[in-house]
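Take a look at the structure below.
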Amino acid sequence: MRMNRISAGIAMAMLLLALPATASDYTLGVFGNANEDDTVNMQDVTYTELIILEYRDKTELSDAKYDGKINMQDVTQIELVILGKEKELTVLDADDRVVTVPKPIERLITRAPDDARLTIALGAGDKLVASEAACKSCLCPTNWGEYTEGCMDCYFEILDGRLPDLPETSTRYAIDYELMASLNPDVIFTTGDADLFENKVGCPCVTFGYVSIEYNYDGLYGQIELMGYVLGKRDEAEDLIDFIESKVDMVRSVTDDLDEDGKPTVYFAPRGCSKGFYDPKEGRDFTRTVSSYEPLDIAGGINVAGDEPTGNLNVGIEQIIAWNPEYMFVACSSAEDKGAIEMIMDSDDLKTVSAVQNDRVYNCFYPYCRGHPPDRSLFNMLYMAKLLHPDEFEDLDLEKECNEIFEAFLMVDGVFTQYADWLEWPREYLDVQ
């Protein structure tokens, strides 16, 4: 109970020291020996002073009593908190919740494919004991529910071959709390409802909600850093962030020097066009767009919806005509959906739009899969950069780069090559480069 009391008091301290504002600018909050340097410095002492002040009316804080001063007896207590000898770690998650988790984590359940993907990328896939149903087709892209087509080498190799039999503790519509509890997880990674899971399953939950609406890399880095602390994979987290930044910087180093007035305007349909121009049920239609998609910005395109209110939005065909984008990117998640481009090109309503007139309407990678797969958005960044600025990125080997990205996240080689073959339209593009 000692650490539970201390952890509760830490909330006050960290609200003063490192409070995240929104999902997009998440700031890491880790308590005690945050840098794991086994050294008690003044910052560590300040943390613990605030903890002791919070309990100044209590008669006891472990063996130390608060007398208004920090003395050697108090420092001994500070060291127990800071040096992690209690085998626990306390963090501030994406929902501003103070959560204490055991160290080390041995058994983990993830509630979303993105969390499973990052767990694998950090070298902790052996800790994963269950996830949600979509994980099986979202990690290694395959045909949903059948797993007979797509990135099949990845499907059977990832997680040391455990993916096909990985327990499914939830679907889009239902959650099996009893199954979760029976798997005895040390922690659950989720994007919401953490208190409910803690009550029903009986283990701590850490939330990651970094890109709930819009995709941005600062939020992604914050999630990776927090996950690295929780999993005891801080070095691996730093390496993964460095890898992602290397791809981002490779593109930025070119597009940041381009004249802003010379960058082409782009209409981005991230939900594709499989349901036509308007889909009232799922929003999987051409007129659904987003006001911010950082991979497009980094690639050197100007989002025509950039001045619209933050988030997802549906716009009328008339608005797209008025924007008159020079390029259009339409997300495509299966070979069957790639023909939507022809529907757009043949539309009488859109025949005056510059992108249609100049045959600059393209498929792109679907940036969702029960979340925001960071590998797919990196693909889009590289692919869009090559299409928008072909001369500047003529030497960029898209297939090579994307195979490296998939391997960094999934620990399996050659996945993008199978992905391109399965989707067909990337292979058609790659074969003429």
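The values are calculated or read from the model by the stated rules, or taken from the named source; none is laboratory data. The structure presented is a predicted model; accordingly, all values stated were derived computationally and were not measured. All Cβ positions, glycine included, derive from the backbone under ideal geometry; neighbour counts span all protein chains shown.
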**Fill in**
Counting only residues in region 327-366 that are in a helix (DSSP H, G or I) and among the β-branched types (Val, Ile, Thr), the one surrounded by the fewest Cβ atoms within 10 Å (Cβ to Cβ) is identified as Ile341
**Item:** Only one of Gly150, Gly123 that is touching a residue at least 24 places away in the same chain (Cβ under 8 Å), touching an Asp or Glu at 6+ places or on another chain (Cβ under 6 Å) and not assigned by TED's automatic domain parsing to the domain that holds Ser333
**Value:** Gly123
**Request:** List the number of the failed condition for Lys281; all other conditions in (1) farther than 21 Å from Phe379 by Cα; (2) more than 22 Å from the chain's Cα centre (by Cα); (3) surrounded by 14 or more Cβ atoms within 10 Å (Cβ to Cβ); (4) modelled with pLDDT under 90 hold.
**Result:** (3)
**Complete:** Counting only residues that are of a type in the set (Asp, Glu) and modelled with pLDDT under 85, region 89-105 contains a total of 1
**Request:** Return yes or no: is Glu86 modelled with pLDDT under 95, in a helix (DSSP H, G or I), among the acidic types (Asp, Glu) and not assigned by TED's automatic domain parsing to the domain that holds Asp186?
**Result:** no
**Asked** Mind checking whether some residue in region 266-274 is assigned to a helix (DSSP H, G or I), of a type outside the set (D, E, K, R), under 25 Å from Gly306 (Cβ atoms) and at pLDDT 90 or above?
**Response** no
**Request:** Could you grab me the full set of residues in region 371-388 that are touching a Pro at 6+ places or on another chain (Cβ under 8 Å) and either acidic (Asp, Glu) or under 12 Å from Ile244 (Cβ atoms) (or both)?
**Result:** Ser377, Leu378, Met381
**Request:** Determine if region 228-239 includes at least one residue that is aromatic (Phe, Trp, Tyr), in a helix (DSSP H, G or I) and closer than 17 Å to Leu89 by Cα.
**Result:** yes
**Complete:** Going through (1) modelled with pLDDT of 95 or more; (2) surrounded by fewer than 20 Cβ atoms within 10 Å (Cβ to Cβ); (3) not aromatic (Phe, Trp, Tyr) one by one, Ala305 fails only at (2)
